[in-house]
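The values are calculated or read from the model by the stated rules, or taken from the named source; none is laboratory data. Just so it is clear, the structure is predicted and the values come from calculations on it, not from any experiment. Glycine also receives a Cβ, built like all others from the backbone with ideal geometry; neighbour counts cover every protein chain displayed.
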Amino acid sequence: MPPPPDPGQPAPPPQSGAEDPNVIASGLDTPWGLAQLPDGSAIVGERRTGRILKVFPDRSPPLEIMTIPGLDSTGDGGLLGLALSPAYTEDALVYAYATTATDNRLLRFTLGGTPQAILTGIPKGATGNGGRIAFGPDELLYVGTGDTGRPELSADAASLAGKVLRLDIFGKPAPDNPVSTSPVWTRGHSNITGLCFDGADRLFVTESLSDEFSLLEPGADYGWRNRPVDADVPTRVFPDAGLGGCGILNRVAFLGAVDGERILIAILDGNGDTVGEPEEFLPGSYGRLRTVVVDPIGALWITTSNLDGPGQPAPTDDRVLRVPPPSEAGGGVS
């Protein structure tokens, strides 16, 4: 893998999406992780190459910041998740979930700096590596892992596979976890592809293998695979969606449907249940839609995932989109 470039070096391959106002960057290679920066731009991570680039809402050319070394990007592994420190304006730290030759792990670094591992030993597999990460309102780091193709691991309390982990900023278990010495927050998950908080500080997850969208309750077992769920928690299955990431604005959840090639819009009630049938947004417009992030004004930042899936990618794939709230973009939410 080539050495990382100097921070802020222009990235020649990606191009601005000049012909489509929704496309703010194009020519990327499998962008998965995306984290918004305080200045209104965002960093995006390419799963297969490990590159981290800065993208801009005004469609300025992306800037290549660095490359994460030592990745194993076979299957669905690689650079999978990005999150900013809750004190980013003071410490400038970025967190990443990455697959190596031996495991999945959490890294911490400043942009352009040398990544340091803060949690290692998360199981890896040819598929089902999970990798979504997000800081919660409690300033703790939530980490979604996958079953790595071995469903029995998701039920095993001693394994970090098929779990949501809850950690402090140093990668240690949060002391008020269900088991204070364990990082495990919930278990029994198939493959976590999205983590999103609502306005009431509740955490929801999306899973790609089971196509579930669920409200999390600490200590709960979500039953993967073919086991009973041990808590009465809201869970909705969206068959054949191939769920990717999620974002929530007020009581509206936006779910990336990688296989369904659209955004699903689900209304949430006060208990966290979805109400009625989901609406569809951008069906077939940009191919496989993976990551979904809602920015402070309600716009959706979305990454496509067309270079690592079936079908014929567009010449400009992969892309990062920034789409106005659906009520302004011709969708069905008002």
### Query
Of the numbered conditions (1) in contact (Cβ under 8 Å) with a residue 40 or more places away in the chain; (2) farther than 24 Å from Leu107 by Cβ; (3) surrounded by fewer than 22 Cβ atoms within 10 Å (Cβ to Cβ), Asn177 satisfies every one except a single condition; which is it?
(2)
### Subset of segment 180-201 (residues that are in contact with a Gly (Cβ under 9 Å, 6 or more places away or on another chain), assigned to a loop (DSSP other than H, G, I, E, B) and in contact (Cβ under 8 Å) with a residue 12 or more places away in the chain)
Pro183, Gly188, His189, Ser190, Asp198, Asp201
### Task
Sort through Leu28, Leu82, Leu34, Leu106 and tell me the only one that's crowded, with 21+ Cβ neighbours inside 10 Å, modelled with pLDDT of 95 or more and in a loop (DSSP other than H, G, I, E, B).
Leu28
#### Entry: Matching residues in segment 62-98 - criterion: being touching a strand residue (DSSP E or B) at 6+ places or on another chain (Cβ under 6 Å) and of a type outside the set (A, V, I, L, M)
Pro62, Glu64, Thr67, Asp72, Gly77, Gly78, Gly81, Ser85, Pro86, Tyr95, Tyr97
### Query
Inside segment 46-79, can you point out the residues that are basic (Lys, Arg), assigned to a loop (DSSP other than H, G, I, E, B) and surrounded by fewer than 22 Cβ atoms within 10 Å (Cβ to Cβ)?
Arg48, Arg59
### Message
Against the condition within 24 Å of Tyr88 (Cβ to Cβ), of a type in the set (Gly, Ala, Ser) and at pLDDT 95 or above, how does Gly130 come out, does it pass?
### Response
yes
### Task
Could you list, in sequence order, all residues of segment 165-174 that are surrounded by 16 or more Cβ atoms within 10 Å (Cβ to Cβ) and not in a strand (DSSP E or B)?
Ile169, Gly171, Ala174
### Query
Of the residues Gly270, Gly309, which single one is at pLDDT below 95 and surrounded by fewer than 16 Cβ atoms within 10 Å (Cβ to Cβ)?
Gly270
### Message
Considering only segment 215-234, I want to know if a residue exists there that is modelled with pLDDT of 95 or more and in contact with a Leu (Cβ under 8 Å, 6 or more places away or on another chain).
### Response
yes
